[in-house]
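Have a look at the structure below, then the notes.
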Amino acid sequence: MNNPQLNDKGELIHLLTLEGLPAEVIGRILDTAVPFVSVAERDVKKVPLLRGKTVFNLFFENSTRTRTTFEIAAKRLSADVINLNIGVSSTSKGETLLDTIDNLVAMNADMFVVRHGQSGAPHLIARHLSAAGQTGIHVINAGDGRHAHPTQGLLDLFTIRHYKHEFSRLTVAIVGDLLHSRVARSLIHGLTTLGTPEVRAIGPQTLLPAAIESLGVHVFHDMADGLRGADVIVMLRLQSERMKGALLPSAGEFFKHYGLTQDKLALAKPDAIVMHPGPMNRGVEIDSAVADGKHSVILPQVTFGIAVRMAVMSMLASS
Amino acid sequence: MNNPQLNDKGELIHLLTLEGLPAEVIGRILDTAVPFVSVAERDVKKVPLLRGKTVFNLFFENSTRTRTTFEIAAKRLSADVINLNIGVSSTSKGETLLDTIDNLVAMNADMFVVRHGQSGAPHLIARHLSAAGQTGIHVINAGDGRHAHPTQGLLDLFTIRHYKHEFSRLTVAIVGDLLHSRVARSLIHGLTTLGTPEVRAIGPQTLLPAAIESLGVHVFHDMADGLRGADVIVMLRLQSERMKGALLPSAGEFFKHYGLTQDKLALAKPDAIVMHPGPMNRGVEIDSAVADGKHSVILPQVTFGIAVRMAVMSMLASS
Amino acid sequence: MNNPQLNDKGELIHLLTLEGLPAEVIGRILDTAVPFVSVAERDVKKVPLLRGKTVFNLFFENSTRTRTTFEIAAKRLSADVINLNIGVSSTSKGETLLDTIDNLVAMNADMFVVRHGQSGAPHLIARHLSAAGQTGIHVINAGDGRHAHPTQGLLDLFTIRHYKHEFSRLTVAIVGDLLHSRVARSLIHGLTTLGTPEVRAIGPQTLLPAAIESLGVHVFHDMADGLRGADVIVMLRLQSERMKGALLPSAGEFFKHYGLTQDKLALAKPDAIVMHPGPMNRGVEIDSAVADGKHSVILPQVTFGIAVRMAVMSMLASS
């Protein structure tokens, strides 16, 4: 019952994972993101909601792309943003993670955007802040190990809701390397919370987590079977390091079986949308004709990603 | 007739090269830069012309110095600036250049400042944006391969006009490694467009492009001959990597023949100005007594460089 | 008499070292810092004192932690901040330090925060600016070689004054590697200037500078003797590279003799405060029970560090 992401008024105080986040809170985040889409279309793309706040991008794992989306979101909210690539900083001097956090708290940080190679690091930070009574400082998980990437999950949900309007009649197919994908885990939690009746995981045995069916997901090893009747297809990025290992024969082999081509896409519903968290490997998990085709909503995902991050940050700051 | 840098009202929409840019447009940029010189001398060095705009410094090739000048210019125009060192980012994850651009466009970018090792990369981006109908997003070439470095060319022109008032009676001598110099190429195009009657290229055969005379330049291998009567001397940076190769015997040898000393400077007009794009190799292409002497306008070039970049950015943003 | 840090009205124009800085000036900095502590507690942590000014963080030696404190301070004063990691920039292209400075001055820099591996580099820059008549441009030493780290010294003094109210009856014990510590040197100068009657240096012979007693410091090799009756204990960071050399047997051995434990702390006054410049090596120079205990003011030091840096920057900007 004690959700570390909510205060006793039910307001969001940290965003750590979509697992266990009530549908009502997810819905509130998505609703809050709507007007931020239009802020980004204005001539002056800036609102003063975080003016005078200090947001730290704490990236213990390098990800220019994700860091950039948070940096843009924070700057459009008028925050002061400090980028810390911690891999090359204090940690290398033997300082512990929590000492680093305590120091930044002492500098009157308002928000931490945390990317970390180890699952659970953002939770650890949030718990530490709670224990210290620091209720005004907020943590956003920007990807931890194989665990969660909740803002990516939220932007995926926002995109689906934008095009499909609701979740209660949808079939969503997630394709590829679910085993290593925090993106997939976050999206699955969000989809089931919002009442999506049919969520499918499509991929070779070696790239699907053993216990995935316990999350309420139907497993398909044959892509044609899995795509049939889908409203939404989410292609996952295949990390090249996987292809060097024992998990996969080759990129060409993978594309043959699980790459999304126009032929395979034709098995889904005629108005199906195609999503991808980026960066894409064209010709590995997705064919260019599909990536750039009329079913693709891959670039709108990016646009909505900024709006969703602005929504999360502004809700945290006002909690 | 179809100049990708201008819209159909003749306004500057991208700055890719000075080649083919009409004299009238170059003149407008230089005129626009004049008041920005005084903005930088104010107590509050800031104007709100780009407030709420997002400028991306996309540096596929590292150059702290050039990036800094654009970062300062954009911040003094009140833009939000995002620095992306793309060498270490998505490209290394296999994403294509144009996918990276599409993603940043989806984040509602307003302007790209692009530095790239390959000639033509900024043009490619500009053409891609046009094809996608993205007329509100602007590209500035901050140096591409050996091709062009138009803001450097513009600041050189601004400096010459500042000290010499006009171009129609000038002799301009450009000295050193013209073969590898995008700075020289941009300056030559600008000078000829603005009607400079005598542009000279001075250097050893191995460092002068074969076809340089077709640009309207007179070639000199003897420095004394080339400097005689010059109003403006532009010394180019000699990259140390050239000296290791077959192109040059040694730095000492180069300095003896083509290094600018006070003796050689005395061959030019008594009121000649000495320019250098920086960073200087003192004792290689220029003697310290000249670099710090009364003919040197090397530091004013830097000051004017900020103003010229502010001018270009503000013109693009208002097109 | 000619103090390069003060102008002829006695105003601070550079902050290079606490050595030779009059007590009155140090007191003025500490007084100015007081209200900045509360700025950082406000909802909008921002004042417009440096609006439209350009502050360059020139770090010739990497230090994310120190750079971050200056970046936060400058941003809360509304300055535009440009971070330059010079190790990887122009210097590597053969440009001299002073050419780099001249270029940034030509870009209308207002303030340089300089970290450099060589003692005296910030003085060199300040002298160069003076010689050029650049009276409106200010230098802050953010650590030079083994010489000085004056803002760290000032935040230490601020912390001591905050908890102990004055200096004239205090015993201050500084423990550990004083030999390599610019932090210790700056603090000792500040303490003696402000009239601290008893300053002690505690450490093994190999880690104490030969001439330290000439600074008015009492040397102790036995920690128990040195801590007895202390009001303030300043633990210094032990750099791991020292432990690999001949100067120290091992981290365990060091901790046994000079690590601050609760037992040893009990020898000091009952209301003694414990300080550390960070980042801490827990279990090497300080025990976690002490670092996190009720005598520790290590995190308040960090908070005061931002306020002191804001104070210095605002005084420089208004001189």
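What follows is calculated from the coordinates using simple rules that are stated; it is not laboratory data. Computed from a predicted structure; not experimentally measured. Here the Cβ is made from the backbone with ideal geometry for all residues, glycine too, and neighbour counts use every protein chain on show.
For labels at C:E166 and A:D222 in the simple 7 Å Cα→Cβ model, what's the distance in nm? The two pseudo-label positions are separated by 9.0 nm.
Taking a Cβ cut-off of under 15 Å around C:D292, the surrounding Lys, Arg, Asp and Glu residues balance to a net charge of -3, with basic ones at +1 and acidic ones at -1.
Counting beta carbons within 10 Å around each of C:R161, B:R28, A:R309 and listing the fewest first gives the order B:R28, C:R161, A:R309. Near A:H123, once Lys and Arg are set to +1 and Asp and Glu to -1 for all other residues with Cβ below 15 Å from its Cβ, the sum equals +3. One decimal place: the segment C:E41-C:S288 gains 86.2 nm when fully extended, by the rule 0.36 nm per residue minus the C-alpha distance. Once the mean of 1/r is taken over each pair of separate Cα atoms and inverted, the range A:204-319 shows a Kirkwood hydrodynamic radius of 15.8 Å. Note on B:A211 and C:T96: with the Förster distance fixed at 45 Å, the Cβ-Cβ geometry gives a FRET efficiency of about 0.80.
The mean number of Cβ atoms from other chains found within 10 Å of a Cβ in peptide A:104-111 is 6, as a whole number. Across chain C, the longest run free of exposed loop sites, meaning GluC sites (Glu not before Pro) lying outside DSSP classes H, G, I, E and B with no more than 14 other Cβ atoms within 10 Å, spans C:167-319.
Cα centroid separation, the range B:165-234 to the range C:159-203: 63 Å.
Put in line by how crowded their Cβ is, counting other Cβ atoms within 10 Å and starting with the fewest, C:L84, B:L238 read C:L84, B:L238.
Peptide B:207-215 has a mean shielding of 0, counted as Cβ atoms of other protein chains within 10 Å of each residue's Cβ.
When the Gaussian network model of chain C links Cα atoms closer than 10 Å, the mean-square fluctuations of C:L265, C:L98, C:L207 top out at C:L98. Kirkwood hydrodynamic radius of the range C:272-319, from the reciprocal of the average inverse Cα-Cα distance over all distinct pairs: 12.2 Å.
Between B:I273 and B:V232, B:I233, the built amide H atoms are under 5 Å apart, and every one of these is 5 or more places off in sequence or on another chain. In the protein assembly as shown, helical runs assigned H by DSSP with n ≥ 4 each contribute -39500 (n - 2.57); averaged across all residues and rounded to the nearest 500, the mean residue ellipticity at 222 nm is -11500 deg cm²/dmol. Percent of C-alpha pairs per 10 Å bin in the range A:96-188, short distances first: 15, 38, 26, 16, 5. Copy-to-copy label distances for A:A211, where each label lies 7 Å from Cα along Cα-to-Cβ, are 6.7, 6.7 nm in order of increasing length.
How fast does the range C:1-113 diffuse by Stokes-Einstein, in µm²/s, taking the Kirkwood radius from C-alpha pairs at 4 °C and 1.567 mPa s? Translational D for this selection: 81 µm²/s. Counting neighbouring Cβ atoms within 10 Å and putting the fewest first, the residues C:M280, B:M313 line up as C:M280, B:M313. According to the Kirkwood relation over distinct C-alpha pairs, the hydrodynamic radius of the range A:137-211 is 13.0 Å.
So which of A:K45/C:K53; B:K46/C:K9; C:K164/C:K294; C:K46/C:K164; A:K45/C:K46; B:K46/C:K45 end up more than 19 Å apart by C-alpha?
A:K45/C:K53; B:K46/C:K9; C:K46/C:K164; A:K45/C:K46; B:K46/C:K45
Springs between Cα atoms under 10 Å define the GNM used for chain B, and in it the highest mean-square fluctuation of B:L155, B:L21, B:L187 occurs at B:L21. As a ratio to 2.2 N^0.38 Å, the alpha-carbon radius of gyration for chain B is 0.99.
Label points for B:V34 are taken 7 Å from Cα along Cα→Cβ. From this copy to the others they lie 5.2, 5.2 nm apart, shortest first. Nearest-to-axis residue in chain A, judged by Cβ distance to the rotation axis that brings A onto B and given in whole Å, is A:N83, 5. Annotation: amide H-H contacts under 5 Å for A:I174 (H modelled 1.01 Å from N, sequence separation of 5 or more, or interchain): A:R200, A:A201, A:I202, A:V234. Each listed q (0.25, 0.26 Å⁻¹) maps to a log10 I(q)/I(0) for the range C:21-69 from the Debye sum over equal C-alpha point scatterers, namely -1.04, -1.02. With Kirkwood's inverse mean 1/r over C-alpha pairs for Rh, give me the Rg to Rh ratio of the range B:120-249, two decimals please. Here the Rg-to-Rh quotient is 1.03. Working value for the protein assembly as shown: equivalent-ellipsoid semi-axes of 45, 45, 24 Å, each the square root of 5 times a Cα gyration tensor eigenvalue, largest first. Distances between equivalent label points of C:H257 across the copies, with each point positioned 7 Å along Cα→Cβ, amount to 6.4, 6.4 nm, shortest listed first. Averaged over peptide C:70-82, the number of partner chain Cβ atoms lying within 10 Å of each residue's Cβ comes to 4. For the options A:N57, A:N281, A:N141, a Gaussian network treatment of chain A with springs between C-alpha atoms closer than 10 Å singles out A:N281 as fluctuating the most.
Taking the centroid of alpha carbons for each part, the range A:31-51 and the range A:276-316 are 19 Å apart.
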